[in-house]
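Have a look at the structure below, then the notes.
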Amino acid sequence: MSVLTNVVYLVAASLFIFGLKLLSHPRTARRGNFLAMLGMLLAIIMTLVGQKILDFTFIIVGLVIGAGIGAYAAKTVQMTAMPQMVALFNGFGGAASALVAYAEYFRLPEHPELDITVTLILSVLVGTVTWWGSLVAFMKLQGIMRGAPILLPLHQVWNVLMLIVVVILGFLFAADVSQQSYLLGIVGLATILGFMLVIPIGGADMPVVISLLNSYSGVAAAMTGFVLSNNVLIISGALVGASGLILTNIMCKAMNRSLANVLFGAVGTDGGGGAAGDRKSVTEYSIEDAAMVLESAQSIIIVPGYGLAVAQAQHVLHELASVLMERGATVRYAIHPVAGRMPGHMNVLLAEANVPYDMLYEMDDINEDFKNTDLALVIGANDVINPAARTQKDSPLYGMPILNVDQARSIMIIKRSLSPGFAGVDNELFYDPKTMMVFGDAKKVVTELLRELKG
Ligand code: NAP
């Protein structure tokens, strides 16, 4: 590899690292994304120019088809379908690594270095697991497959047995690389392992497994980097692997679960039933009455959730908050770490509406203040305020820290019905005597509240 190639790869790797650093704050996230994209562009150009891998006709055809599909998917995907799109993209990353590593098999010398053989096996194994696991995650989230956990008899025992066989096949293949059947055996078992890893996961745990699969796709890419002796692939794969693992850890902490419990616990529902509106009565407020409550509240904490994103009500909500502040109320936003459908979802959404960052409070920084607050205004949030997470041991939410909305002096919840949230469980808070339910699409309700307050 030429000195120029290595220098450009070094610049690309530095851009990835700076990009990641900037991604840690909403204010700088766009710039971070741009820097990382620039790094990737440099790496791609240098690889194509420097390596002369393929005829350019093939490369251009591949680029046009791939970029076309990617751009179309990114433009048309609904905000609500973001998690499954991320799952699919992780899967493609894993599949690409596995395919490249497998293709390299045909270029191996008769007696390859051991490190090349080992990384080739790992790339094929982890890449294949990532692809099939991500596909199952995609199908569960898209409703193609049942979302509830599926646990087979002796599920984990089978997993361990398959892993042992994979290790044996790996040793046999390393001893004699001319036996392609060993590698094919690893691909077959990795396919089953990918399914087995994700089918027992359901409910609110899906984001964690998607983040973990993202990490796997990075590991597979790094392994392929070793097979190809490509430094920038090793670095970028390691960065994805490490950041995916850190994110998995953060999400586990936010839900107060261990990774082992998420992977082997098999809790969660398919998001089906759970609404029990007809069992108990709720206090429903009209727009006029709700506007009067808002007018009289001196301190308000807004709790945004997934429904805010669905309704795209962030702009009008910001307007409502501004009007309330002009009238003398203190308004703050409480952000739960897993509110919405992707990490940082609420931050990104509110940043889009130019909500000042100093109005956003992380859960731990604001939870103690709910008890001194006149009104908790919940917009399209459900699981992240569900007290069952504290009390009901059989609930898929049990153990997840929640926003202390129930401690506020009064609560107003804006949503369309009594339907459950992502985890598919009923929420006692709807039936709390101090809760006012305002039913309707978040954007429509907030727009009408704003009109009422202004008029
Ligand atoms: P949630 O529990 O999913 O509840 C969202 C609520 O929004 C629903 O109950 C729904 O009720 C309401 N809604 C939907 N469309 C609406 C609209 N147009 N207008 C008004 N309301 C609307 O959301 P959350 O409280 O934000 O909790 C997030 C959940 O997603 C957690 O369980 C979390 O584990 C999971 N999750 C998080 C991530 C992440 O990384 N952040 C990723 C994937 C999953 P109606 O149908 O009655 O309106």
Lysines within cross-link reach of residue 280: Cα-Cα under 21 Å, excluding same-chain residues under 8 positions apart? 415, 434
Take 283, 373 and sort them by solvent-accessible surface of the protein heavy atoms, 1.4 Å probe, largest at the top. 283, 373
Can you give the helix-only mean residue ellipticity at 222 nm for the chain, where every DSSP H stretch with n ≥ 4 adds -39500 (n - 2.57) and the sum goes over all residues, rounded to the nearest 500 deg cm²/dmol? -20000 deg cm²/dmol
Inter-label distance for residue 151 and residue 296, nm, one decimal - labels placed 7 Å from Cα along Cα-to-Cβ: 5.0
Keeping all protein chains in place, calculate the accessible area per residue for the chain (probe 1.4 angstrom), answer in Å². 48
Scalar couplings 3J(HN,Hα) for the range 368-378 by Karplus 6.51 cos²θ - 1.76 cosθ + 1.60 (θ = phi - 60°), nearest whole Hz, x for Gly and Pro, are 6, 8, 4, 5, 9, 10, 5, 9, 9, 9, 9
Kindly write out, for the range 285-290 in residue order, the coupling ³J(HN,Hα) from the Karplus curve 6.51 cos²θ - 1.76 cosθ + 1.60 (θ = phi - 60°), rounded to whole Hz, with x marking Gly and Pro. 10, 7, 4, 4, 5, 5
I'd like the accessible area for residue 58, computed on protein heavy atoms only with a 1.4 Å probe and all protein chains in place. Round to 10 Å², please. 150
In degrees between 0 and 90, to the nearest 10, how far off the longest principal axis of the chain does helix 180-198 point, with axes built from Cα atoms? 10
So the FRET efficiency between residue 113 and residue 352, C-beta based with R0 = 45 Å and rounded to 0.05, is 0.35
Could you give the angle, 0 to 90 degrees to the nearest 10, between helix 442-454's Cα long axis and the longest principal axis of the Cα atoms of the chain? 40
List the lysines whose Cα lies under 24 Å from the Cα of residue 75, skipping any in the same chain that are fewer than 8 positions away. 140, 443
List, in order, the whole-Hz ³J(HN,Hα) value for each residue of the range 158-165 obtained from phi through the Karplus relation with A = 6.51, B = -1.76, C = 1.60 and θ = phi - 60°; use x for Gly and Pro. 4, 4, 5, 4, 5, 4, 4, 5
Mean Cβ count within 10 Å, highest first, over the residues of peptides 396-402, 91-97: 91-97, 396-402
Extension gain, residue 192 back to residue 142 (0.36 nm per residue minus Cα-Cα distance, nm): 15.9 nm
How large is the accessible surface of residue 338 in square angstrom, using a 1.4 angstrom probe and rounding to the nearest 10? 40
Find how much the distance from residue 174 to residue 319 grows on full extension, using 0.36 nm per residue of separation minus their present alpha carbon separation; answer in nm with one decimal. 45.8 nm
Counting only C-alpha contacts under 8 Å and six or more residues apart, can you give the relative contact order of the chain as a whole percent? 15
With label points set 7 Å from each Cα along the Cα-to-Cβ direction at residue 439 and residue 30, the distance between them in nm comes to 4.0
Listed residues 226, 138 arranged by accessible area, highest first, probe 1.4 Å: 226, 138
Which aspartates and glutamates, on any chain, are close to residue 444 with Cα under 17 Å apart, when same-chain ones fewer than 8 places away are left out? 284, 288, 289, 319, 452
Carbon plus sulfur, as percent of the 1.4 Å-probe accessible area of the range 19-137, comes to 73
Rounded to the nearest 10 Å², the accessible area of residue 243 using a 1.4 Å probe with every protein chain kept is 40
Ranked from highest to lowest mean number of other Cβ atoms within 10 Å per residue, what is the order of the peptides 61-71, 210-220, 445-455, 381-391? 210-220, 381-391, 445-455, 61-71
The chain: angle of helix 114-142 to the longest principal axis, Cα-based, in degrees nearest 10: 30
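The values are calculated or read from the model by the stated rules, or taken from the named source; none is laboratory data. All figures in this text were calculated on a predicted structure; none of them were measured in a lab. Here the Cβ is made from the backbone with ideal geometry for all residues, glycine too, and neighbour counts use every protein chain on show. In case anyone asks, the SASA skips ligands and DNA or RNA and just uses the protein heavy atoms, side chains included. Shrake-Rupley method; radii C 1.70, N 1.55, O 1.52, S 1.80 Å.
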